[in-house]
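Below you'll find the structure, written out as structure tokens, and then a few comments.
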Amino acid sequence: MRERSDYEQVSDQILQKMDKVLGPICLLVVLSLLTAGLWPFNPFPKNHVSWLTDKNGLRFGEKAIIFSSGTFEVTGSNKQPFCSLEIWLQPALADVRESVMILAFHTPDNPLQFGLKQYRDGLVVRDYRDEQRRLPTSRIGFEHAFRQAEPILLTITLGPNGNAAFLNGVWAKAFSQHSLSCEDFSGQLVIGNSPMSDNAWQGKLFGMAIYNQELTPEVVSRHYTMWTQERVPEGVAKDGVRALYSFGERSGRIIHNSIGPGPDLCIPKTFRILHKRILAPPWEEFAPRLSYVRDILINIAGFIPFGFFFCAYLVCNRQWNRAAVVTVVVGGIISITIEVLQAFIPSRMSGVTDIITNTLGTSLGVILWRASARRKGVISSSNERGHAWT
């Protein structure tokens, strides 16, 4: 039997020293990943919706949502495609850095059929009727609508003379008749957040109404005066009102529909995302913005330490000859576990993109360990001892 060289003896000493610390390091890295991925560990957070004390309305806090108990239907008696939407609200912030969902209609066939958002100090109306779910077919914007963070009444009318929007009873913009339809105001109504993800809007909601007819400019102006004086809008026949919510209850968890066939609204005790996707595919998660790229890089970098230290642990301590492959597989399993559990935490997103990027990060960690081990002679010594890995 040949004598061991000084080089191999030094390599064995390195392995022995690493054996003592790699186990605790791996455990610490895994716990850190679970903590970062599952924080804040609360699947049933409080729903931050409260009644105003000085007037009719609701206050929406950091995590808040209300939704209709049933679905809105396009009535058969209204054969002409004319309708209107009114919403009387006040944002908590006059300027938000990323768009937040004020109101949305959800259907199984089109999860984000219609959405009203605040972006910066403006309002954005999006129509999500693209069949491939790629990009909205229309985008109607109102810049500086919330310039002073004061209450505003937004009215959208769809009628025979075209589609138009009004702010505080005054005509603001006309838009294409093909960009919106009365069918967009159907399905389950969600207010204060998105039905698909945590995209909370903060502010106050004083009233809302949906009509099965076009509101004329004169009626829109009169309604604005009534809303500001805390009076229920009048002058519209009852059969022309699909739903009207004046928030006069001031207590309880049900907001009653005052007029029309539309459903009541519910205030859940705990905050939740109604139709959250589990393991959403990458093409649905993609967003052409800097924050998306930043999240990708964070997910890759977060799993590099796991790939580095877990591979080293297997090579030095477990005597497995497939340490690299096993490390990548275990990293993927940890990522899948985190993503599935995130589906039950309202503030987290569950998607396949994170699994792909986490696994890539694990692989990069393995590559870094291999390069480092070669420089220190660890791989040669471990192969000599039967610890070969590929």
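The values are calculated or read from the model by the stated rules, or taken from the named source; none is laboratory data. Values in this document were obtained by computation on a predicted structure and should not be read as measured data. Don't worry about glycine lacking a Cβ; one is built from the backbone with ideal geometry, like all the others, and counts go over all protein chains shown. With ligands, DNA and RNA removed, areas are computed over all heavy atoms of the protein, side chains included. Shrake-Rupley method; radii C 1.70, N 1.55, O 1.52, S 1.80 Å.
Here are the numbers:
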quantity: Segments classed as strands (runs of 3 or more DSSP E), wholly inside the stretch 153-198, with at least 2 members that are in contact (Cβ under 8 Å) with a residue 60 or more places away in the chain; calculated: 188-191
quantity: Residue, most open to solvent (accessible area, probe 1.4 Å), within the stretch 156-179, restricted to residues that are of a type in the set (Val, Ile, Thr) and touching a Pro at 6+ places or on another chain (Cβ under 9 Å); calculated: VAL170
quantity: Residue list for the stretch 345-361, restricted to those being among the polar types (S, T, N, Q) and at pLDDT 95 or above; calculated: THR353, THR357, ASN358, THR359
quantity: Among the candidates LEU297, LEU364, LEU360, residue that is within 30 Å of ARG272 (Cα to Cα) and open to solvent by 50 Å² or more (accessible area, probe 1.4 Å); calculated: LEU297
quantity: Any hit, the stretch 51-62, residues being at pLDDT 90 or above and within 15 Å of the chain's Cα centre (by Cα); calculated: yes
quantity: Top-ranked residue in the stretch 17-61 [being of a type in the set (Val, Ile, Thr) and in a helix (DSSP H, G or I); ranked as nearest to ILE267 (Cα to Cα)]; calculated: THR35
quantity: Qualifying helices (runs of 4 or more DSSP H) (wholly inside the stretch 265-344; at least 2 residues being under 30 Å from ASN193 (Cα atoms) and at pLDDT 95 or above); calculated: 290-313, 323-342
quantity: Qualifying positions in the stretch 252-294 - open to solvent by 100 Å² or more (accessible area, probe 1.4 Å) and farther than 30 Å from TRP51 by Cα; calculated: TRP283, PHE286, PRO288, ARG289, LEU290, ARG294
quantity: Every pair of residues 6+ apart whose Cβ atoms lie under 9 Å, when the first sits in the stretch 274-301 and is more than 16 Å from GLY361 (Cβ to Cβ) while the second is open to solvent by 70 Å² or more (accessible area, probe 1.4 Å) and assigned to a strand (DSSP E or B); calculated: ARG289/GLU98; SER291/GLU98
quantity: Selection count, the stretch 92-122, where residues are out of contact with any strand residue (DSSP E or B) (no Cβ under 6 Å at 6 or more places or on another chain) and aromatic (Phe, Trp, Tyr); calculated: 0
quantity: Unmet requirement for ARG97, which otherwise passes all of (1) over 22 Å from ASN199 (Cβ atoms); (2) at pLDDT below 90; (3) open to solvent by 60 Å² or more (accessible area, probe 1.4 Å); calculated: (1)
quantity: Residue that is touching a strand residue (DSSP E or B) at 6+ places or on another chain (Cβ under 9 Å) and closer than 21 Å to GLN90 by Cβ, where the choices are PRO151, PRO195; calculated: PRO151
